[in-house]
Structure formats: structure tokens, C-alpha cells
Amino acid sequence: MGSPVVHFEIHATDRKELKGFYQDLFGWKIKDNNPLGYGLVDTDAENKGIGGGLYEGEHAPGVLVYVEVDDPESYLDKVEEMGGEIVVPVTEIPGMVTFAVFEDPQGNKMGLVKTG
């Protein structure tokens, strides 16, 4: 299995503001009527590109990409062996997704995701 980039996440301190910004700028459809208040981004790109999310929290502003892997825990083990750090341990949102976030040796953050 390859390791494709399958999701992006835009970090916001004010989700409502950025929701309007990206909807107006690109015409994206952003639905945040879920229990987590997570903005699911539909880029309406006709099977081109990837979908994403708009996350409000106390994270630093920025964009995080998620790579699909078969076993996030084993990848986090490799990250630590190679000098990286775990930022968010393997976390499961039942019925939706299992994910983790790490930081590489130069401070770049990257997400891992296992779907299904």
C-alpha cells in the first residue's frame, strides 16, 4: 500500500470567520453541524484533489496534511526512532476515523490517518 495524502486540516482560532473566508474565496462547502463542530470541507472538485477540515482550537495557525497508513501506531514508533516526536497519540473517533499527529525533527507537523 502506498501512503497517499488524503486530508488537509486548516487550524482556526475563529472557525466561523475562516468558514466564511474559504467559502467565499473558493466556493467550498463547509459543513460543521456535527457533534464535534468540525468543519468538513467539500472542495467540489469533481474527483480531483482531496477533502479537508476546518478545526477550531488552541493549535498554532497553519495547515496540516494527513497521510493514510495501515497502522498509525507502527508509524509513530518509527517517528520516535527517527528523532521525531508524537504530538497527538493514536486517537479513535468511533465510526469515523483513527488518527495521530507527529512532528518531524525540524518541527513540521504531519497527520496519520487510518480510515475504515
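The values are calculated or read from the model by the stated rules, or taken from the named source; none is laboratory data. Please read all numbers here as calculations on a predicted model, not as lab measurements. No Cβ is skipped: glycine too gets one built from the backbone with ideal geometry, and neighbour counts run over all protein chains shown.
Details
- Failed condition for residue 104, given (1) within 28 Å of residue 16 (Cα to Cα); (2) not assigned by TED's automatic domain parsing to the domain that holds residue 19: (1)
- Residue within the stretch 85-96 that is in a loop (DSSP other than H, G, I, E, B), closer than 21 Å to residue 62 by Cα and acidic (Asp, Glu) present: no
- Selection count, the stretch 37-65, where residues are within 17 Å of residue 112 (Cα to Cα) and touching a Ser or Thr at 6+ places or on another chain (Cβ under 6 Å): 0
- Checked against (1) under 16 Å from residue 111 (Cα atoms); (2) surrounded by fewer than 19 Cβ atoms within 10 Å (Cβ to Cβ); (3) modelled with pLDDT of 90 or more; (4) not assigned by TED's automatic domain parsing to the domain that holds residue 110, residue 74 passes all but condition (4).
- Checking each residue in the stretch 83-97 for being in contact with a helix residue (DSSP H, G or I) (Cβ under 6 Å, 6 or more places away or on another chain) and either modelled with pLDDT under 95 or in the same structural domain as residue 6 (by TED's automatic domain parsing) (or both) picks out no residue at all.
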